[in-house]
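Colleague: Handing you a structure now.
What follows is calculated from the coordinates using simple rules that are stated; it is not laboratory data. On a predicted model such as this, the values are computed, not experimentally measured, just so you know. Glycine also receives a Cβ, built like all others from the backbone with ideal geometry; neighbour counts cover every protein chain displayed.
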Amino acid sequence: MPGVPQAITVAPMSAKPPAPRVVVAGGGVAALEAMLALRALAGRRPSITLLTPELEFAPPAASVASPFGFGPPAALALEPLAASYGVHLRHGTLESVDTTRRVAIAADGAPLEYDHLLIAVGGRRRAAVPGALTFRGPGDVDRVEALLDDMAAGRAERLVVAVPSRETWPLPAYELAIMAAVELRSRGLDAPDIALVTPEAQPLEVFGPAAAEAVVALMRDRGVALHTARTSVAVVDGWLRTAEGPTIPADRVIALPGVGGPFLRGLPHDARGFLPTDAHGRVTGCVDVYAAGDATTFPLRQGGLAAQQADAAAEAIADRLGSIAHARPFTPVLRGVLLTGGAPLYLRAVVGAHETPVARRVRASHASSAGPRALWWPPAKVAGRYLAPLLSTARPPALLATPMIDVGPRPAGGGGEDEALALALALADEDARCGDYRQALHALDAARALTGGVLPEAYAAKQRDWLARA
């Protein structure tokens, strides 16, 4: 009405939407890589909780060198690391998952509500060769040292290192055998009797022919006998029995462990407890539940591949959150560092995807590289895109902008730029030939840094093509 003040309706302010809740379960390579990748991809938007049974991370891959006089890998305290990335740390072990209620349940019964759950709890390691010393990691270093003492003192003469099955990640067995030969010679044994027994057709066959050729030469130089196509069964009365029939004399045997799945209640799993996932880490039949690393059915269990699985799952979550435009699938590129007691051997290969359950193995393609020069940087033993820089620096908060790349290091003393540029461009070509355009572009970034920001004309054209393909 005229002259009557009209009431003004004020629209209520919309409440700020709650932060998406992401729970990462695990405390190993895949879990930490996933945590770092999520922060790099999605920023501070999601609320991330790390449910971990451990409060420290000691890189397990490097512990193989500890019995031979090398310092143990430095442990990484998880509480300050989580705090620096704004991650809530919850000490505990994942016991089960209620996918209907979206609740992860810890072993103490405490529930953790989630919008997205990423499981990276690893596998269950177990002894696989009765009568052998099973080397699982840091906890078995003292036993290996005692075994070396027996060999050096003459209480034992023949040492065998065994890879128990094709599913076992074999590289630590080669490190143990090669470094044992070096160590025992340094203690005065002229020709220690050391052998390696493996079901592989050729040494480190998953890395392809270049690696096999390099490892055969290395073992010959170190005086380590090699028995391929032999599956170790048990140690009995000074002999290692094999499934194929022949026995191998052995006063002492070091065997790598077998592995089983986590058997998490509420989630699908195969007969041995492993979680089935697709190329983006999504657990079969579950919504917003992902898995990475040794807990999955992927038949090759190695730290670098676990990190790549974690990256794929993190991208899938970031895509769901709208933080990135497209999630890339898990495309395995195998990188390994073989410790030798001297200069390490760097290995790289593109591996196949899942094979049939009967085969349960992964073969290398013909894209195989092996040599003394680092093939990625920083050259960490665990080649995780975000974890490798973390393990090589004391300044974790600065890492997210500087992920690992496939390129050789620039000489610290100046000079050598032409050689470094040639290596970077060669790696870019190799990555592109393998179909890994993402890593090829990283190698070109490193090459550009060596040339003041410009690329040779041919590589500028390649960059445009690879960007379109990536």
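Colleague: Would you please give the FRET efficiency between ASP190 and ARG328, computed as 1/(1 + (r/R0)^6) with r the Cβ-Cβ distance and R0 = 45 Å, to the nearest 0.05?
Modeller: 0.25
Colleague: What is the packing order of peptides 128-135, 367-374, taking the mean over residues of other C-beta atoms within 10 Å and listing the highest first?
Modeller: 128-135, 367-374
Colleague: Using every pair of alpha-carbon atoms in the stretch 111-198, split the distances into 5 Å bins beginning at 0 and state the percent of pairs per bin, rounded to integers.
Modeller: 3, 11, 20, 21, 15, 8, 6, 5, 4, 3, 2, 1, 0
Colleague: Right, another one. Give the separation of the Cα centroids, the stretch 135-151 to the stretch 189-204, in Å.
Modeller: The two parts, judged by their Cα centres, are 18 Å apart.
Colleague: So how strong a dipole does the stretch 136-195 carry about its Cα centre when Lys and Arg Cβ are +1 and Asp and Glu Cβ are -1, to the nearest 20 debye?
Modeller: Rounded to the nearest 20 debye, it is 120 debye.
Colleague: Right, here's the next one. Restricting attention to the stretch 64-105, which trypsin sites (Lys or Arg not before Pro) occupy a DSSP loop and are surrounded by at most 14 other Cβ atoms within 10 Å?
Modeller: ARG101
Colleague: Something else now. Given points 7 Å out from each Cα along the Cα-Cβ axis, report the GLU79 to ALA225 separation in nanometres with one decimal.
Modeller: Label at GLU79, label at ALA225, 5.2 nm between them.
Colleague: Once you sort the root eigenvalues of the Cα gyration tensor of the stretch 281-338 as a ≥ b ≥ c, which label holds: rounded (a/c under 1.5), prolate (a/b larger than b/c) or oblate (the other case)?
Modeller: oblate
Colleague: ASP149 versus VAL103, label points 7 Å from Cα toward the beta carbon: distance in nm?
Modeller: Distance between label points: 5.2 nm.
Colleague: Using a ≥ b ≥ c from the Cα gyration tensor of the stretch 228-382 (square roots of the eigenvalues), is it rounded, prolate or oblate, where a/c under 1.5 gives rounded and otherwise the larger of a/b and b/c decides, a/b for prolate?
Modeller: Note, shape of the stretch 228-382 comes out oblate.
Colleague: Counting alpha carbon pairs within less than 8 Å and at least 6 residues apart, what relative contact order, in whole percent, applies to the stretch 262-322?
Modeller: 27 percent
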